[in-house]
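Working notes, structure below.
The values are calculated or read from the model by the stated rules, or taken from the named source; none is laboratory data. Note that the structure is a prediction, hence the values are computed from the model and not measured. Glycine also receives a Cβ, built like all others from the backbone with ideal geometry; neighbour counts cover every protein chain displayed. The protein model used for the area step is the full one, side chains on, heavy atoms only, and it has no ligands, DNA or RNA in it. Shrake-Rupley method; radii C 1.70, N 1.55, O 1.52, S 1.80 Å.
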Amino acid sequence: MTISVEDVRTSRKVLAEMDYTPAKIDKGYAGQSLYVNLSEARIEPKTVTQEMKDIFTGGKGFGLRYLWQAVTPDTKWNDPENEIVISAGPIGGITQYPGSGKSLVVTLSPTTGSVIDSNVGGYFGPYLKFSGWDALELQGKSDKDVVLYIDGDKGKVTLEEIELETGASHLISEVLTEAFAESEEDKQHISVVSTGSGADNTLIGMLNFSWYDPRRQVVRMKQAGRGGIGTVFRDKKLKALVVRFSGLTGKNNNPADFGKIQRAGVKIHREINKFDDVQCRMRQVGTANLMTVMNDYDLLPVMNFKYGSHPEGKKISTEVFISKFTQNVYDGCWYGCSMSCCKAVDGFELKTGPFKGEKVVVDGPEYENAAALGSNWGIFDPDFIIEANFYCDTYGIDTISTGTMVAFIMECYEKGILNKEITGGLELNFGNKEAAMELLHQLGQGKGFGKIAGLAIRRMKKVFAEEYGADSNFLQDIGMEAKGLEYSEYLSKESLAQQGGFGLANKGPQHDEAWLIFMDMVNNQIPTFEDKAEALHYFPMFRTWFGLQGLCKLPWNDIEPEGNKQLEEANKVPEHVQNYVDIYNGVTGKNIDKEELIRQSERVYNFQRVFNLRLGFGRREHDRVPYRSQGPVTAEEYESRQERYDGQLKELGFDIEGMSTEDKMKVMRKHREDMYEKLIDAVYLRRGWTNDGVPKLETLKALGIDFPEVVDVVKKHL
Amino acid sequence: MKIVGKNEEECILCGTCEAVCSEYYFKEDNREKSAIQVSEIDEDPGVDINVCNQCGECIRFCPVLALSRAKSGTVILNKKKCIACFNCVGACPTESMFYHEDAVNPFKCIACARCTKECPTEAIFMEEVEL
């Protein structure tokens, strides 16, 4: 699996090209987007309309708008009309505020059948914009592997055939960076989007977005992980996207008020410098700072989300990962990110697989990866997690879905639903490192049982029930997916609000919409249904905004200003909300306030809900969750936390004397499922939706998204 | 390595150093554009002279390696490489990396000694220190 820079340079064959004059960016927008039809090898510019900017803002909003126009209610993920849209948003690309270089990727998902969006670091989105394009639409399917190259310096887009005989995404990123860069210095002006062989062989393929790390002198990658976007990419026969832009100054967005952005940036840089070491330690360990706290609070998924902690959790604690990560180096996935959480393990020697014996730089593991590929498999070995993380990335498969679905497989194996005969000899018990790593290689290479595993949980449940006679109700209870997407790595059993945070999320159970566990369960700040509904309105809307702008969520509340905790609305981090209002106004020259910020999100959020409806989803039945996310499915789970659960039943007025565990589980289940339904009622009401989860016409009208095509979709469900 | 040394007790807050610095580097008399900034404070000795001590802490925070030590030991910013992120401003332990909205890039003392030559009271002076 080796490829040389020389081979790449000499094998380039241009299939289509377009010369252009890069648009001058005006207050965050290029005003142009780039459309590429891969079936016809056609490249053309589009004008970004005022309506696009006013209603959809940018980033994920642009992605959803273009995708809506591209597909019909019948379009499937692997139809040529499906698009992958990448967009950075108006703030995207500023260098003064941490976390401002995100790309938002939108497509129809192979696993959910509906819209998926993913928020990813790396340099691609900002370089795309500064090359003159607010968004990139990729439609159609090529009949051979192709690479799209956007040269923002020369004003040229080419669709090319390039010999890249490898399924290893880290090699593709490396070789293309080297081949397209004109010098060592030029490497940081290149960003590559690619995936690996796992995206050809599973439905959970993801995309790696690269950037060049000038200190380590290596290409590094961040992942657009969720929902199988990489699988769509390979279905279109895209091998890679490459952008080159060398003119970064820090003012490329041509902002309306540079000073406003500068002041907000300096303020938060100083905060991070002063408080990060005593708050989240993002600069030391990134999101893996959560490992110890999650285990301590019974929230770390252990063995397919059965338990929330494990005595061996200390082997993969925060401190352990600090010792693995290189310290005191700049680790931002976009320029100027003082939060610098994108940690790396340097010189890691691989023990398995096609790169066995090689020393590599491994990005992460972030918290999600460490929980997904470690505790959720009953594996408490940091080196195993680092190796699994490396291979997921280079095979191009989503660590979260991989983690959650292999955990599901392991439980099925332990319950006898699967056996060695079915798995091709793999003894997939919890904690079996060798078997788990082998399954990961099978997923990446499309071999053996990996071919079934790669279908992801929703389809696996069908296969296990139909072909292996498994009880489909039990599979529904323990298979941690909703809407067809695997859960991300938090135990929500004891937080009703978080059950809603996962279950009601537009794209499926990902924590980027709402993370309310501490607010709900630990601090008891949202006790009533109305409180929870308000939180499930405000926070998903607020967090949606990051995806419209090209921003990262982490600098919002993974650092807090002095005195924040004493404020009434501490959970909102009011000073940082004001920073976001300021940097938005600073870039665009508009004069929004924090209320208009939420409205910008509401427009796009409701549009996405209607988009789900248009594709046959998006109603109450689609917000159902597996019971494992709500409470104990098995007696072993109940009994492992018996004191807590018995206490809860007594508080509810049940006389539990003489009740069997099974009886207690039954009444608890009835209660918890009722609570979830009541929560949904309250949230729908707060969001201005019907009791079936359909946005009301007056809601659409108030938000200004009552376009005839949107109203037509909704009317059918009213 | 030479740095701007200071004896705050001697400072009379005349502003000469700020004017010299901003005049030379920004062609205007504006203390906010000076790489040495003097202020009156409540604590003894009543004056704070904020100027870079060339500690170099900022160097590791620069994402594009625009900050480095010159042969003389002075920490210098390569404006051609700088992408105006101000991480160095946030990271400076003494807040001696300055910024201004008129300037794309941050700016700092490069120990040119112009201000020390004009100081009427020797409150600032060039001082040799170990790196």
Here are A:Asp346, A:Asp363, A:Asp398: which of them is in contact with a strand residue (DSSP E or B) (Cβ under 8 Å, 6 or more places away or on another chain), open to solvent by less than 20 Å² (accessible area, probe 1.4 Å) and not hydrophobic (A, V, I, L, M, F, W, C)? A:Asp398
Among (1) touching a His at 6+ places or on another chain (Cβ under 9 Å); (2) away from chain B (no Cβ under 14 Å); (3) of a type in the set (A, V, I, L, M), there is one condition A:Leu241 misses while meeting the rest; what is its number? (1)
Among the residues listed as A:Asn295, A:Asn289, the single one being touching a His at 6+ places or on another chain (Cβ under 9 Å), open to solvent by less than 30 Å² (accessible area, probe 1.4 Å), part of a helix (DSSP H, G or I) and away from every other protein chain (no Cβ under 14 Å): A:Asn295
Of the residues in the range A:26-54 that are aliphatic (A, V, I, L, M) and over 28 Å from the mean Cα position of the chain (by Cα), the one that is surrounded by the most Cβ atoms within 10 Å (Cβ to Cβ) is A:Ile43
Residue satisfying condition, being within 11 Å of chain B (Cβ to nearest Cβ), within 24 Å of B:Thr94 (Cα to Cα) and among the polar types (S, T, N, Q), within set A:Gln284, A:Gln262: A:Gln262
Just name the residue that is farthest from A:Asn37 (Cα to Cα) out of those in the range A:216-238 that are open to solvent by 30 Å² or more (accessible area, probe 1.4 Å) and within 14 Å of chain B (Cβ to nearest Cβ). A:Arg216
Among the residues that make up the range A:355-364, is at least one of them among the acidic types (Asp, Glu) and under 26 Å from A:Ser197 (Cβ atoms)? yes
Looking for something free of Cβ contacts under 8 Å to residues at least 24 places away in the same chain and part of a helix (DSSP H, G or I) - is there at least one such residue anywhere in the range A:399-413? yes
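This table checks each residue for (1) at pLDDT 95 or above; (2) under 21 Å from A:Lys493 (Cα atoms); (3) among the aliphatic types (A, V, I, L, M); (4) out of contact with any helix residue (DSSP H, G or I) (no Cβ under 6 Å at 6 or more places or on another chain).
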position	(1), (2), (3), (4)
A:Thr634	yes, yes, no, yes
A:Glu662	yes, yes, no, yes
A:His671	yes, yes, no, yes
A:Asp674	yes, yes, no, yes
A:Thr690	yes, no, no, yes
A:Asp706	yes, no, no, no
Identify, please: which residue in the range A:269-281 is part of a helix (DSSP H, G or I) and among the hydrophobic types (A, V, I, L, M, F, W, C) and is, among those, farthest from the other protein chains (Cβ to nearest Cβ)? A:Phe275
Looking at the range B:34-46 only, could you name the residues that are in contact with a Cys (Cβ under 8 Å, 6 or more places away or on another chain) and either within 14 Å of another protein chain (Cβ to nearest Cβ) or among the polar types (S, T, N, Q) (or both)? B:Ser34
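How many residues does the range B:103-120 contain that are part of a loop (DSSP other than H, G, I, E, B), more than 12 Å from every other protein chain (Cβ to nearest Cβ), open to solvent by less than 40 Å² (accessible area, probe 1.4 Å) and not hydrophobic (A, V, I, L, M, F, W, C)?
1
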Does A:Val219 meet the test of being without any contact (Cβ under 8 Å) to a residue 60 or more places away in the chain and of a type in the set (Val, Ile, Thr)? yes
Which pairs do you get when a residue that is more than 11 Å from every other protein chain (Cβ to nearest Cβ) and more than 30 Å from B:Val104 (Cα to Cα), found in the range A:312-338, comes within reach of a residue that is among the acidic types (Asp, Glu) and not in a loop (DSSP other than H, G, I, E, B), reach meaning Cβ atoms under 7 angstrom, with the pair 6+ apart or on two chains? A:Thr326/A:Asp346
Filter the range A:246-256 down to residues that are at the interface with chain B (Cβ under 8 Å from one of its Cβ atoms) and of a type outside the set (Lys, Arg) and give me whichever is surrounded by the most Cβ atoms within 10 Å (Cβ to Cβ). A:Gly250
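Give me a count of the residues in the range B:47-79 that are open to solvent by less than 20 Å² (accessible area, probe 1.4 Å) and either away from every other protein chain (no Cβ under 14 Å) or touching a residue at least 24 places away in the same chain (Cβ under 8 Å) (or both).
11
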Looking only at the range A:672-704, which residues are buried (at least 19 other Cβ atoms within 10 Å of the Cβ), over 30 Å from A:Leu652 (Cβ atoms) and touching a strand residue (DSSP E or B) at 6+ places or on another chain (Cβ under 9 Å)? A:Pro695, A:Thr699, A:Leu703
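Per-residue answers, yes or no, for (1) assigned to a helix (DSSP H, G or I); (2) under 30 Å from A:Tyr335 (Cα atoms):
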residue	(1), (2)
A:Gln498	yes, no
A:Gly508	no, no
A:Gln525	no, no
A:Lys532	yes, no
A:Lys565	yes, yes
From the residues in the range B:1-44 that are touching a Leu at 6+ places or on another chain (Cβ under 7 Å) and in a strand (DSSP E or B), which one is surrounded by the most Cβ atoms within 10 Å (Cβ to Cβ)? B:Val38
Please verify whether A:Lys462 is modelled with pLDDT of 95 or more and at positive phi, treating the condition exactly as stated. no
Checking the conditions here, which among A:Gly357, A:Gly313, A:Gly347, A:Gly332 is outside any helix (DSSP H, G or I) and touching an Asp or Glu at 6+ places or on another chain (Cβ under 9 Å)? A:Gly357
How about the range A:447-480: which of its residues are open to solvent by less than 20 Å² (accessible area, probe 1.4 Å), of a type outside the set (Val, Ile, Thr) and either within 22 Å of the chain's Cα centre (by Cα) or under 24 Å from A:Ile229 (Cα atoms) (or both)? A:Phe449, A:Gly450, A:Ala453, A:Gly454, A:Ala456, A:Met460, A:Gly479, A:Met480
Any chance the range A:645-657 includes a residue that's of a type outside the set (Asp, Glu) and on the phi > 0 side of the Ramachandran plot? yes
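So which of A:Pro574, A:Pro555 ends up being open to solvent by less than 10 Å² (accessible area, probe 1.4 Å) and either closer than 24 Å to A:Val85 by Cβ or outside the structural domain of A:Arg283 (by TED's automatic domain parsing) (or both)?
A:Pro555
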Check on A:Met665, more than 20 Å from A:Arg599 (Cα to Cα), open to solvent by 10 Å² or more (accessible area, probe 1.4 Å) and either in a loop (DSSP other than H, G, I, E, B) or in the same structural domain as A:Tyr307 (by TED's automatic domain parsing) (or both): no
